[in-house]
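Here the structure comes first, spelled out in structure tokens, and everything after it is commentary.
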Amino acid sequence: VQLVESGGGLVQAGGSLRLSCAASGQIYRSYAVGWFRQAPGKEREWVAAVSWIGDSTYYADSVKGRFTTSSDNAKSTVYLQMNSLTPGDTAVYYCAMGPSRGATMPYEYDHWGQGTQVTVSS
């Protein structure tokens, strides 16, 4: 499985960005995709997750109500829509794929993308 993120960039506080995670390779319908972020000097933090078939979503409290994740199987792509961004959301964002729905720990995911930088200015 290969994962490629895109959509990061620089945005002002209160703005929005949509990240994409394009997947290829052998993907099972039972798989799930998680989103993580890592700010400088901090541990990798779980943000959200979605089942590959798109019927289940999960969110960290810090982003609930602001971020939405979805899966488009026809395009083999998962999205993370981020609204009402704050400087605290600044980080490198990663998508990851693994067998467990709702997994929140990095070790529960087998495949990782290269990451995309999101910077929110105040």
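The table below gives the values:
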quantity	calculated
Kirkwood-based shape ratio for the stretch 1-59, expressed as Rg/Rh from alpha carbons	1.00
Sparsely packed trypsin sites (Lys or Arg not before Pro) within the stretch 16-74, loop by DSSP, other Cβ within 10 Å at most 14	R29, K42, K64
Residues in the stretch 22-48 reached by a label modelled at Q117 [backbone nitrogen below 12 Å; 7 Å Cα→Cβ]	40
Max mean-square fluctuation residue, GNM over the chain, Cα-Cα springs under 10 Å, options T69, T86, T104	T86
Principal axis dimensions, the stretch 2-122 - Cα atoms, whole angstrom, descending	41, 28, 24
Accessible area expressed per residue, the stretch 47-118, with surrounding protein chains retained (probe 1.4 Å, Å²)	43
GNM flexibility winner over the chain from Y28, Y109, Y58 (Cα, springs under 10 Å)	Y28
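The values are calculated or read from the model by the stated rules, or taken from the named source; none is laboratory data. As the structure is a prediction and not an experimental result, all values here were calculated from the model. With ideal geometry, Cβ positions are generated from the backbone for all residues, glycine too; neighbour counts draw on all protein chains shown. Calculation scope for accessible area: heavy atoms of the full protein, side chains included, ligands and nucleic acids excluded. Shrake-Rupley method; radii C 1.70, N 1.55, O 1.52, S 1.80 Å.
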